[in-house]
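Undergrad: One structure is given below, represented as structure tokens, and several questions about it will come after.
Read the figures in this text as sums done on the coordinates, not as results from a lab. Fair warning: this is a prediction, and the values are worked out from it, not measured in the lab. Cβ placement follows ideal geometry from the backbone for every residue including glycine, while neighbour counts extend to all protein chains displayed.
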Amino acid sequence: MQQEPGSRVGDTRGEVADRVRQVIDAVGVSQREFARRIVMDPSKLSRSLSGARRFTVAELARVADTGDVDAAWLLGSAGGPGGGTGSGPSAGQPAPAGRRRSAAPAAPTDGGRPLQIVRETVRLIAERGFHAVRVSDIAEACATSTAAIHYHFPGRDDLLEAAVRWCMDEDTARRAARTAEAVDVADELRQLIELQTPHTRQRRRQWSVWLDLWAEAARSTAVGRLHVEYYRQWRATVADVIRRGVAEGVFRPVDPETAALTLTALIDGLASQVLAGTPGESGTSADDMLEALLTHVDTTLIAR
């Protein structure tokens, strides 16, 4: 591409959007799932496809990588990074399954290069904190170049926003899978609480990322908006469970929104205390956190 990664791509006739739709169809997933794979706000993808918003070069780079097509083809060029000549999958159609463009760097099969970059970014943020993570560190973790990182995510702010969105999507997916196994509404609430308790190394890492992102949200408007969006969804999930429990007579007749606000705030505060300590030493443990939360539910919500 001859443009800067963060620049917008002109598409007055909607041809770029049409090609992106072809890629989504060829991948065989929903528009929302494709947005998750390219680490893009689903509403931005929808507006870009409708013509209300223009894609950036970096977004099209992620589309090309995820769909295994030439970025030049997305822009309407015959040639480009994949070496297209005006015919064949690299020039005019998404590549068939199992057939990669010859000049593209090998990307991991689990979601492609963009998701690999974001996952490694999240891991490094958890270990070092966002401001201690350099683009070169991410490139080294991904066994690629810093140019390849900037190709998909032009700046650190783009990476941070993508990391936040990926964490949001992963958290939402885990909650949906976990609560699907609940035997009743009270068990559903307990499952949500247990899932937020940092018992495992992976959950501690997730909480470490969230704590770092909270601090960044106070300074970044873009991350702050994502933070507000995430908590709106999270509290709405908890409020919905409580509302159903009240209707079924399992919970006391409390205000679901207020109860959800109190419970989620308690979860955040206790998790911060757990992470402030060292596992195995004195202080608030994950077991202490879980016991305190379940006691809160039992004394303030469960109907007698």
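Undergrad: Rounded to the nearest angstrom and ordered from largest down, what semi-axes does the equivalent ellipsoid of region 210-256 get from its C-alpha gyration tensor (root of 5λ)? It would help to have the intermediate numbers written out before the result.
TA: Details: eigenvalues 199, 14, 9 Å².
Sorted largest first and rounded, they come to 32, 9, 7 Å.
Undergrad: Then there's this: Evaluate 2.2 N^0.38 Å with N set to the residue count of region 191-295, then give the Cα radius of gyration divided by it.
TA: Details: Rg = 15.0 Å, N = 105, 2.2 N^0.38 = 12.9 Å.
For region 191-295, the normalised Cα radius of gyration is 1.16.
Undergrad: Also, I was wondering about something else. Pairwise over distinct Cα atoms, reciprocal of the mean inverse distance: report the Kirkwood radius of region 253-304 in Å, one decimal place.
TA: After inverting the mean inverse Cα-Cα distance, the result is 12.0 Å.
Undergrad: Calculate, for A303 and E194, the FRET efficiency according to 1/(1 + (r/R0)^6) with r their C-beta to C-beta distance and R0 22 Å; round to the nearest 0.05. It would help to have the intermediate numbers written out before the result.
TA: Working: r = 21 Å, r/R0 = 0.96.
Given R0 = 22 Å and the Cβ-Cβ separation, E is 0.55.
Undergrad: A further question follows. Could you run the Karplus curve 6.51 cos²θ - 1.76 cosθ + 1.60 with θ = phi - 60° over region 286-293 and give me ³J(HN,Hα) per residue in whole Hz, x for Gly and Pro?
TA: 4, 5, 4, 4, 4, 4, 5, 5
Undergrad: Name the GluC sites (Glu not before Pro) in region 158-194 that are in a loop by DSSP and that have at most 14 other C-beta atoms within 10 Å, would you? Intermediate results must be reported in sequence, preceding the final value.
TA: Numbers: sites: E161, E170, E181, E188, E194; in loops: E181.
Filter output for region 158-194: E181.
Undergrad: Sticking with this one: Let's test the formula: R0 of 30 Å, r as the Cβ-Cβ distance of D287 and R244. What FRET efficiency results, to the nearest 0.05?
TA: For D287 and R244, the calculated efficiency is 0.60.
Undergrad: Apply the Karplus curve 6.51 cos²θ - 1.76 cosθ + 1.60, θ = phi - 60°, to the phi angles in region 32-37 and return the couplings in whole Hz, x for Gly and Pro.
TA: Result, rounded to whole Hz: 5, 5, 5, 4, 5, 5.
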